[in-house]
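One structure below.
The values are calculated or read from the model by the stated rules, or taken from the named source; none is laboratory data. Source: prediction; values computed, not measured. Here the Cβ positions follow ideal geometry from the backbone for every residue, glycine too, while neighbour counts run over all protein chains shown. Just so you know, the surface numbers come from the protein's heavy atoms only, side chains and all, with ligands and any DNA or RNA stripped out. Shrake-Rupley method; radii C 1.70, N 1.55, O 1.52, S 1.80 Å.
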Amino acid sequence: MNTSHHTTSHSGIEDLLAMLTGTLLVSFGLWLLRAAGIMTGGTAGIAILLHYAFSVPFGIAFFLLNIPFLYLAIRRMGLQFTFKTFFCVALVSVFSSFQDQLIHVDKLAPLYAAFLGSIISGIGFLILFRHHGSLGGVNILALYIQDRFGFQAGWVQLIIDICILLLSLSTLSMSKLAVSAIGLVILNLVIAMNHRKDRYSA
């Protein structure tokens, strides 16, 4: 029995709508984390840390932190991927800048925010991945180190995320740091379970 199937590429409009949807979900998920005063990993985590420590607007910090990684994206992924990444980073930065003006909550439990924010962000990342986009940053650095030195990207990402959480000790309580770690595990589980070439294709 032949189980092969024919797949068609996404159109430009589909890619655009997917990037708008994915980045809006990611920006909202990150807003939930920031609103609850908790952390995440990657470039977003560094941007949140700068926001907590120095009151730097998250959107601006996130955009500027990603610029140095675009060179690595061009070298490793090519111009098309780099353009999509830059576009997605810009969208998250813009959407994040407006979240505080559009949403206000009086009470948000950190653990609930960690669960919901991480799940929503994970879904946003999956949408971007299915359309060959990304939010660049630390992920690209991890892949570059893997290619250059043979050290697995997953371990690089984990080490960086642990360092980000440890740095946030100066601004977060131990309870919120623990909740942040839970959220980080949930985010990676959502992506790991749903972003597998042996199960899904797009």
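Being surrounded by fewer than 22 Cβ atoms within 10 Å (Cβ to Cβ) and outside any loop (DSSP other than H, G, I, E, B) narrows it down to one of Leu72, Leu25, Leu30, so name that one. Checking each option against the conditions leaves just Leu72.
Is there a residue in region 138-145 that is surrounded by fewer than 16 Cβ atoms within 10 Å (Cβ to Cβ), modelled with pLDDT under 85 and either in contact with a helix residue (DSSP H, G or I) (Cβ under 9 Å, 6 or more places away or on another chain) or over 16 Å from His195 (Cβ atoms) (or both)? It would help to see each step written out before you state the result.
Of the residues in region 138-145, the ones surrounded by fewer than 16 Cβ atoms within 10 Å (Cβ to Cβ) are none.
Within region 138-145, none of the residues are surrounded by fewer than 16 Cβ atoms within 10 Å (Cβ to Cβ), modelled with pLDDT under 85 and either in contact with a helix residue (DSSP H, G or I) (Cβ under 9 Å, 6 or more places away or on another chain) or over 16 Å from His195 (Cβ atoms) (or both).
Against the conditions (1) part of a helix (DSSP H, G or I); (2) surrounded by fewer than 22 Cβ atoms within 10 Å (Cβ to Cβ); (3) of a type in the set (A, V, I, L, M), Val56 satisfies every one except (1). Within the bounds of region 146-159, is there any residue that is in a helix (DSSP H, G or I), surrounded by 16 or more Cβ atoms within 10 Å (Cβ to Cβ) and more than 16 Å from the chain's Cα centre (by Cα)? Taking every residue of region 146-159 in turn, at least one turns out to be in a helix (DSSP H, G or I), surrounded by 16 or more Cβ atoms within 10 Å (Cβ to Cβ) and more than 16 Å from the chain's Cα centre (by Cα).
In this structure, Ala90 does satisfy being closer than 29 Å to Ile13 by Cα and surrounded by fewer than 17 Cβ atoms within 10 Å (Cβ to Cβ).
Here is the figure for region 93-116: residues that are part of a helix (DSSP H, G or I) and open to solvent by 40 Å² or more (accessible area, probe 1.4 Å) total 12. Taken over region 160-182, residues that are of a type in the set (Gly, Ala, Ser) and surrounded by 13 or more Cβ atoms within 10 Å (Cβ to Cβ) amount to 4. Checked against the criterion of being free of Cβ contacts under 8 Å to residues at least 24 places away in the same chain, among the aromatic types (Phe, Trp, Tyr) and more than 15 Å from Leu187 (Cβ to Cβ), the candidates Phe81, Phe98 yield just one match: Phe98.
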